[in-house]
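The values are calculated or read from the model by the stated rules, or taken from the named source; none is laboratory data. Keep in mind the model is a prediction, meaning the values are calculated, not measured. All Cβ positions, even for glycine, are placed from backbone atoms using ideal geometry, and neighbour counts span all protein chains on display. When the accessible area is computed, the model is the full protein with side chains, heavy atoms only, and any ligands, DNA or RNA have been set aside. Shrake-Rupley method; radii C 1.70, N 1.55, O 1.52, S 1.80 Å.
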Amino acid sequence: MDRREQVLRTLKAHHKTVSTAESCTGGMIAAALTDLGGSSAVFVGGVVSYWTELKHKILGVSQETLDAYGAVSPQTAREMAEGVRALTGSDLALSVTGVAGPDRDERDNPVGLVYLALTDGETTTVRQPTDLGSAREEIRRNAVEAALELLLDYFEKK
């Protein structure tokens, strides 16, 4: 069983729904989850907020956070997850923001810097996966895997 199947089975077994807020992965997490039959029972929806302005307007990331820390930060990942959970009403929400390349971002963050967040409405966990690779597609693909792993880790701690 691959990680996507494991995530869907785990969500179903715990009667939980999930939503996503994605930036650098451009909807790849949502696609990974909805590629499998039966995903509509647990996947509520997602927002791809590539532009910083949308992180603020749609997901509710505070302008203060964006000004102080930028779009690629643990603080922004946290607020993205919390914002999409509030927007969709899902039990859990997963977010990703980062620099997939080929160039550094406007704050000179390096290619491969990614932050993930998962919230259940009471607790929000932020993770910075490492060793995601150096090529754009490799970084994005590995970020999706790291996000699914974060979701599975949540249930292992329950």
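Quick rundown of the values:
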quantity: Unmet criterion (only one of (1) farther than 18 Å from THR123 by Cα; (2) open to solvent by less than 50 Å² (accessible area, probe 1.4 Å); (3) free of Cβ contacts under 8 Å to residues at least 60 places away in the same chain) for THR76; calculated: (1)
quantity: Residue count for the range 138-158, restricted to those that are under 14 Å from GLY98 (Cβ atoms), among the basic types (Lys, Arg) and open to solvent by 50 Å² or more (accessible area, probe 1.4 Å); calculated: 1
quantity: Selection count, the range 121-137, where residues are over 14 Å from VAL72 (Cβ atoms) and either open to solvent by 70 Å² or more (accessible area, probe 1.4 Å) or in contact (Cβ under 8 Å) with a residue 24 or more places away in the chain (or both); calculated: 11
quantity: Within the range 31-50, considering residues that are outside any helix (DSSP H, G or I), in contact (Cβ under 8 Å) with a residue 24 or more places away in the chain and out of contact with any strand residue (DSSP E or B) (no Cβ under 7 Å at 6 or more places or on another chain), the one surrounded by the fewest Cβ atoms within 10 Å (Cβ to Cβ); calculated: ASP35
quantity: Test for LEU54: is it open to solvent by 30 Å² or more (accessible area, probe 1.4 Å), of a type outside the set (Gly, Ala, Ser) and farther than 30 Å from LYS12 by Cβ; calculated: yes
quantity: Close pairs (8 angstrom Cβ cut-off, 6 or more residues apart or separate chains): on the phi < 0 side of the Ramachandran plot in the range 105-120, among the small types (Gly, Ala, Ser) and open to solvent by 20 Å² or more (accessible area, probe 1.4 Å) anywhere; calculated: VAL111/SER134
quantity: In the range 1-17, the residues that are among the basic types (Lys, Arg) and either open to solvent by less than 10 Å² (accessible area, probe 1.4 Å) or in a helix (DSSP H, G or I) (or both); calculated: ARG3, ARG4, ARG9, LYS12
quantity: Residue pairs meeting the criteria (Cβ under 6 Å; at least 6 apart or on separate chains; first under 9 Å from TYR50 (Cβ atoms) and open to solvent by less than 20 Å² (accessible area, probe 1.4 Å), in the range 18-30; second part of a strand (DSSP E or B) and among the small types (Gly, Ala, Ser)); calculated: CYS24/GLY98
quantity: Which listed residue is within 11 Å of the chain's Cα centre (by Cα) and part of a helix (DSSP H, G or I), from ALA81, ALA68, ALA93; calculated: ALA81
